[in-house]
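Engineer: The structure's right below; bear with me while I get my questions together.
Values quoted throughout were computed directly from the atomic coordinates according to the rules given, and no laboratory measurement underlies them. Only a predicted model underlies this, so the values are computations on that prediction, with no experimental measurement involved. Quick reminder, even Gly has a Cβ in these numbers, built from the backbone with ideal geometry, and neighbours come from all protein chains shown.
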Amino acid sequence: MMSKDTSHFMDWWREARFGLFIHWGLYAIPAGVWRGTLYPWIGEWIMKHARIPVKDYEQLATQFYPVKFDAESWVSLAKRAGMKYITITSKHHDGFALYKSRVSPYNIVDATPYKRDPIKELAEECSRQGIKLCFYYSQSQDWHHPNGIGNDWDFKPDEEKDFQEYLDNKVKPQLKELLTQYGPIGMIWFDTPKSITKEQSLELKAYVKSIQSDCLVSGRIGNGVGDYASLGDNQHPAGPVHGDFETPCTLNDTWGYKSCDDNWKTVEELIDLLVNCVSKGVNYLLNVGPTAEGIIPAESIERLEAVGQWLKVNGEAVYATGATPYPGEHGDVRISQKGNTLYLMFKKWPGERFTLFGLKNRVLNARFLADARIFVEYTQSVLSTDNNLARLDLLLPEESPDSLVTVLALDLDSVPSVDMRILQQADYSIRLPAHQAGIGENPSGVTECLPIGIMSNWNDPRTALDWSFEVHTPGRFRVALELQMHRKRPELYGTFPVTVQIGEASVKGEAGSINISRDESGDPFHTARAELGEIDITQTGTISAAMRLGKAIQNGADGMPFASIVLEPK
Ligand code: H79
């Protein structure tokens with residue numbers, strides 16, 4: 001007999017969807033400035049960027065006295081934001097332990113005048129307020145330990161270090177402390193595996209599980225042995241992901257506090273990013289960097305509280321939901337599902353009429369999470385003249401019921417079942433993404449790069465990408481190409497000559513290093529959009545499309561980072 005007990009040690013994490021990341025440590029004191037020089041990039045990296053000797057950086061500990069730290073207010077902020085777990089830096093790359101450690105005196109209790117253990121206070125609050133506590137722990141980089149990776153200005157080059165000695169004498173003993181001093185821990189959030197071997201990753205994982213068997217380990221433990229996988233820092237999924245994923249993200253550009261970083265994302269952007277993660281089944285781990293005094297910046301608090309307000313109304317579409325059943329996107333709508341309910345999350349309000357194509361179930365009820373009293377009229381039909389395209393026509397209020405993303409819940413007669421073809425959308429647009437492309441003749445090994453949804457190594461004009469899609473309303477369309485390009489090094493990309501064939505029509509153009517903006521974050525990708533021209537689609541039904549490179553690409557940057565073709569009605 002199969003067991004009826006289907007509970008799983010990852011259930012809490014899969015249901016949570018939204019967590020608070022906290023980067024707090026000695027780097028909050030310089031806050032981006034060392035000896036009068038403002039250092040670019042992320043604040044917690046200042047020791048490495050300024051190549052600060054261990055003995056100088058250690059002096060910061062003598063000044064660390066966060067008088068305003070208040071565990072109750074940090075945990076209640078996470079609760080108000082609608083977050084279900086907190087992941088805090090117990091030790092970042094600088095090697096400083098933010099908790100009482102017997103393994104190394106380089107910790108907040110023994111090396112600072114503060115002498116309190118904030119992790120202990122947070123653990124007590126988390127347990128009181130019912131939120132999971134998790135620890136970030138930098139297992140590979142440690143710029144304070146002679147055998148940790150990354151510090152070559154005080155110590156030997158990494159290749160000559162005895163990394164195993166560091167694992168045995170610092171990492172494992174500190175993990176043991178973290179897993180025995182603070183009650184049940186949700187996860188150890190390992191980061192930047194660097195040169196750690198598969199045996200060492202497995203050894204660390206087994207070690208964690210031997211102390212707390214239900215404690216998760218993050219994907220960045222290295223070598224693919226984590227309990228789930230991680231997207232890159234501030235990376236967002238473009239298409240479906242296979243398996244459990246989380247994306248760690250910032251509110252501005254830094255993780256650790258930086259006094260001059262004012263590049264705050266707006267509440268609108270944050271909710272858009274959240275619903276995009278939710279629609280792909282990806283957890284969103286959003287960061288705050290408290291000051292050296294122990295204050296979470298007011299700009300962070302305001303934004304998290306606003307997201308929390310939205311979640312209070314719309315959490316049903318977020319917590320314990322699954323990814324959209326559709327293979328692709330629906331314009332400005334993101335979709336999630338739970339049981340027999342499909343949630344349409346409108347990033348832009350469509351106005352009175354909206355059509356959802358390809359839903360095969362019967363709709364029993366349509367209700368807004370923001371206001372269940374609003375009556376939504378709808379009709380369903382299947383058009384045999386359009387290759388059996390199912391359509392659900394909704395009559396909506398002219399004004400959106402919610403001020404930000406509005407969620408419409410569709411209660412169905414059974415579990416959502418959808419058309420898996422690429423469908424022209426209600427606004428007549430058509431998206432042909434990398435993750436839905438067929439890859440033709442492929443001698444040079446072009447691959448689809450999930451989950452960020454770009455083609456990798458596409459530099460070969462012999463390889464065509466192809467699609468077929470369903471058109472219900474022919475007409476003239478603008479053809480645009482979206483690429484995801486590296487922010488820091490746009491010069492690696494030249495431009496790419498491409499030909500796009502849509503049915504009988506074709507357009508040629510150049511896509512490439514345009515609209516790349518540099519910023520402080522060092523995040524890897526930026527969307528660049530190129531307009532290629534216009535084409536006519538003259539008939540309804542199934543249309544095919546293909547794209548080729550005009551010449552071989554030799555740019556040392558992994559070919560053309562193609563994300564999507566977008567056809568928009570003229
Ligand atoms: O903890 C946060 C970061 O400190 C950590 N991961 C998140 C969650 C992280 N470790 N390494 N990295 C992120 C990537 C670092 C990239 C770097 Fe650079 C390239 C460091 C130095 C060169 C870009 C440019 C970032 C800083 C300068």
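Engineer: Would you kindly identify the strands (runs of 3 or more DSSP E) lying entirely within region 329-435 that contain at least 1 residues that are under 23 Å from V241 (Cβ atoms) and not aromatic (F, W, Y)?
Structural biologist: By residue number, 333-338, 341-346, 353-357, 406-412, 430-433.
Engineer: If you don't mind, another one. Does region 117-125 contain any residue that is of a type in the set (D, E, K, R), touching a helix residue (DSSP H, G or I) at 6+ places or on another chain (Cβ under 7 Å) and within 20 Å of L286 (Cβ to Cβ)?
Structural biologist: yes
Engineer: Okay, moving on. Restricting attention to region 457-471, which residues are buried (at least 18 other Cβ atoms within 10 Å of the Cβ) and assigned to a strand (DSSP E or B)?
Structural biologist: W458, L465, W467, F469, E470, V471
Engineer: Given the residues D168, D162, D117, D142, which is the only one that is within 16 Å of the ligand (Cβ to nearest atom) and not hydrophobic (A, V, I, L, M, F, W, C)? I'd like the intermediate steps shown before the answer.
Structural biologist: Details: D168 fails: within 16 Å of the ligand (Cβ to nearest atom); D162 fails: within 16 Å of the ligand (Cβ to nearest atom); D117 fails: within 16 Å of the ligand (Cβ to nearest atom).
Selected residue: D142, the only one of D168, D162, D117, D142 that is within 16 Å of the ligand (Cβ to nearest atom) and not hydrophobic (A, V, I, L, M, F, W, C).
Engineer: Anything in region 24-69 that is within 11 Å of the ligand (Cβ to nearest atom), part of a loop (DSSP other than H, G, I, E, B) and free of Cβ contacts under 8 Å to residues at least 40 places away in the same chain? List them, or say none.
Structural biologist: Y39
Engineer: Also, I was wondering about something else. Of all residues in region 436-449 being within 19 Å of H242 (Cα to Cα) and either of a type in the set (A, V, I, L, M) or touching a helix residue (DSSP H, G or I) at 6+ places or on another chain (Cβ under 7 Å) (or both), which is surrounded by the most Cβ atoms within 10 Å (Cβ to Cβ)?
Structural biologist: Out of the qualifying residues, it is A437.
Engineer: Check off (1) free of Cβ contacts under 8 Å to residues at least 60 places away in the same chain; (2) of a type in the set (F, W, Y); (3) buried (at least 22 other Cβ atoms within 10 Å of the Cβ) for W264 and give me the number that stays unchecked.
Structural biologist: Condition (3) is where W264 drops out.
Residue-wise test of (1) crowded, with 22+ Cβ neighbours inside 10 Å; (2) within 16 Å of the ligand (Cβ to nearest atom); (3) part of a helix (DSSP H, G or I).
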position	(1), (2), (3)
K172	no, no, yes
K194	no, yes, no
A206	no, no, yes
G239	no, no, no
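Engineer: A further question follows. Checking the conditions here, which among V288, V282 is within 15 Å of the ligand (Cβ to nearest atom) and of a type outside the set (D, E, K, R)?
Structural biologist: V288
Engineer: With respect to D214, determine if the residue is charged (D, E, K, R), touching a Pro at 6+ places or on another chain (Cβ under 8 Å) and under 25 Å from P118 (Cβ atoms).
Structural biologist: Spelling it out, D214 is indeed charged (D, E, K, R), touching a Pro at 6+ places or on another chain (Cβ under 8 Å) and under 25 Å from P118 (Cβ atoms).
Engineer: In region 209-231, what residues are touching a Phe, Trp or Tyr at 6+ places or on another chain (Cβ under 9 Å) and either part of a helix (DSSP H, G or I) or among the β-branched types (V, I, T) (or both)?
Structural biologist: V217, G219, R220, I221
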